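The values are calculated or read from the model by the stated rules, or taken from the named source; none is laboratory data. Owing to the predicted nature of the structure, the values given are computational and were not obtained by experimental measurement. Because the Cβ atoms are built from the backbone with ideal geometry, glycine has one as well, and the counts that use them run over all protein chains shown.
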Amino acid sequence: MMSNPYTPGGRPRVFVGRDGERRWLRDRLARVVAYGEMMGPLVVATGPRGVGKTSLMRDLQAQAQETGFVVAWVAGVKQQPFLADVVDRVTRALDRADRLERPARARVQEVGVEVGVGMAKVSATIGRGDNSEVGSSAALVGPVEDFFHTASHLVRDAGGAGLLVIIDELHAPLLPRSDRESTADPRASLDAAVLLNAVQNMEAEREDYPLGVIGAGLPETKAYLTRAATFGERTHEMVLHVLDENTARQVLTEPARSLGVTWSPEALAAATQASGGYPQSLQTIGAATWDAAQPDEGDTITLADLKAGRSVSDAGLESLFRARWEVATAFERAFLEAMARHTDNEIDRAAVAAELGVDTDALGMHRRSLISKGIIESPRRGSLRFTIPGFAAYVRSLDDNPGGPAER
């Protein structure tokens with residue numbers, strides 16, 4: 001029996017799609033390679049959970065490393081400051097780069113320690129509740145720029161292309177501190193402001209920074225950055241959506257093709273339709289179907305195989321839906337029920353308010369919370385939609401429970 005080539009919840013073994021985004025990112029990295037200059041302003045790939053942001057970033061990481069970059073991967077932690085992790089991960093990435101000699105490693109570690117001490121002082125100042133955040137932030141920007149300058153030139157001077165810093169889950173540190181608040185942890189907001197200031201200053205002197213900084217997060221990430229520093233609106237946002245039908249088909253066929261297995265047209269059409277083009281659903285359906293088929297090289301996956309694996313794939317998708325449902329408050333669940341009763345797709349916010357018998361202004365806090373949790377998004381002003389295909393049907397199915405959805 002051949003190993004299952006599908007990876008629900010993980011990085012795909014065969015990366016398919018996002019051709020435009022990949023070309024754009026590679027072009028920006030090529031600037032660093034060719035000119036030794038910064039790749040540009042902060043770039044943030046945004047989209048709902050499971051749409052493929054992390055997979056795109058891992059693909060970029062692999063491409064950058066092949067081109068001679070040292071890549072530091074950072075993952076944001078919910079409502080926690082993150083610049084210290086950036087410094088730590090960059091330092092570790094440089095330490096692991098065999099091309100850097102020991103004296104060079106010591107230089108960047110010394111800069112990293114100084115930046116870390118500075119941030120600790122700022123955190124202590126904020127903890128006392130005084131009003132010195134602005135001054136402290138300004139004092140931190142310079143050391144952060146110095147750190148990136150030293151780190152990126154260590155790579156370049158050793159014959160590499162430069163330094164690439166990827167911050168996944170960039171929204172997490174900047175999430176509101178509770179469902180009833182719209183403000184983030186002040187330390188995390190300060191870190192975002194410092195990073196934005198530093199990146200903007202370095203971009204103004206781009207010829208001296210062989211560096212790229214890119215993040216990934218939920219759809220509200222750019223708004224969170226803008227709250228931390230108004231010029232966060234200059235961040236280049238790369239919005240990822242569900243996949244078109246042709247690409248969705250390739251997500252299923254290419255991993256199988258690499259092992260000499262094909263999909264029948266009927267099975268492929270049914271699986272693609274069931275997924276709604278959502279990458280995580282495609283991987284879940286693909287994995288369950290493969291396990292049911294247990295194909296050998298030269299076999300074809302059929303509609304019967306898809307149906308045989310349906311109970312497993314449905315259970316996997318239901319687990320995904322349930323995890324999102326359970327983090328919603330009682331009123332948020334009523335909000336979601338009102339949306340689900342009207343549509344599987346996009347709905348006007350006013351229609352939801354009318355269904356709940358409240359004014360649209362009364363939805364503001366709950367709307368922001370559901371967006372922060374990655375359950376809904378606002379594709380345009382005044383409208384809402386679920387971030388994952390099939391979630392509306394799941395919410396409606398809860399009506400069959402005698403206790404009602406709010407009891408689940």
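Looking across segment 57-70 at every residue that is surrounded by fewer than 22 Cβ atoms within 10 Å (Cβ to Cβ) and among the hydrophobic types (A, V, I, L, M, F, W, C), the one that is farthest from the chain's Cα centre (by Cα) is identified as ALA62. Considering every residue within segment 339-346, establish whether at least one is among the hydrophobic types (A, V, I, L, M, F, W, C) and at pLDDT 90 or above. Within segment 339-346 (the criterion being among the hydrophobic types (A, V, I, L, M, F, W, C) and at pLDDT 90 or above), the answer is yes, since at least one residue qualifies. Looking at segment 307-350 only, could you name the residues that are closer than 20 Å to SER383 by Cα and either outside any helix (DSSP H, G or I) or in contact with a Lys or Arg (Cβ under 6 Å, 6 or more places away or on another chain) (or both)? ALA328, ALA340, THR343, ASP344, ASN345, GLU346, ILE347, ASP348, listed by residue number. For segment 253-276, residues that are buried (at least 19 other Cβ atoms within 10 Å of the Cβ) and within 22 Å of the chain's Cα centre (by Cα) total 1. Against the numbered list (1) aromatic (Phe, Trp, Tyr); (2) surrounded by 19 or more Cβ atoms within 10 Å (Cβ to Cβ); (3) under 26 Å from PHE231 (Cα atoms), TRP73 comes up short only at (2).
Restricting segment 277-306 to residues that are charged (D, E, K, R) and part of a helix (DSSP H, G or I), which is surrounded by the fewest Cβ atoms within 10 Å (Cβ to Cβ)? Working first, answer last.
Step one: of segment 277-306, the residues charged (D, E, K, R) are 291, 296-297, 299, 305.
Keeping just the survivors that are part of a helix (DSSP H, G or I) gives 291, 305.
Working: ASP291: 16, ASP305: 23.
Checking each candidate, the answer is ASP291.
Within the option set LEU174, LEU195, LEU170, LEU164, being within 22 Å of ALA72 (Cβ to Cβ), at pLDDT 90 or above and in contact with a Ser or Thr (Cβ under 6 Å, 6 or more places away or on another chain) holds for one residue only, LEU170.
Before we move on, is LEU83 crowded, with 20+ Cβ neighbours inside 10 Å, touching a strand residue (DSSP E or B) at 6+ places or on another chain (Cβ under 8 Å) and modelled with pLDDT of 85 or more?
Working: crowded, with 20+ Cβ neighbours inside 10 Å: yes; touching a strand residue (DSSP E or B) at 6+ places or on another chain (Cβ under 8 Å): no; modelled with pLDDT of 85 or more: yes.
Judged against the criteria, LEU83 is not a match.
Out of everything in segment 1-32 that is among the aliphatic types (A, V, I, L, M) and crowded, with 18+ Cβ neighbours inside 10 Å, what residue ends up being farthest from VAL199 (Cα to Cα)? First the steps, then the outcome.
As a first pass, look at segment 1-32 and keep what is among the aliphatic types (A, V, I, L, M): 1-2, 14, 16, 25, 29-30, 32.
Filter once more, keeping what is crowded, with 18+ Cβ neighbours inside 10 Å: 16, 25, 29, 32.
Details: VAL16: 31, LEU25: 17, LEU29: 16, VAL32: 15 Å.
Only one residue fits best here, namely VAL16.
Listed by first and then second residue, the pairs linking a residue in segment 1-29 that is in the same structural domain as MET57 (by TED's automatic domain parsing) and closer than 20 Å to LEU60 by Cβ to a residue that is part of a loop (DSSP other than H, G, I, E, B) and among the polar types (S, T, N, Q), with Cβ atoms under 7 Å apart and 6 or more places separating them unless they lie on different chains, are LEU29/THR67.
Here VAL44 meets each of (1) part of a loop (DSSP other than H, G, I, E, B); (2) within 13 Å of the chain's Cα centre (by Cα); (3) among the β-branched types (Val, Ile, Thr) with one exception, condition (1).
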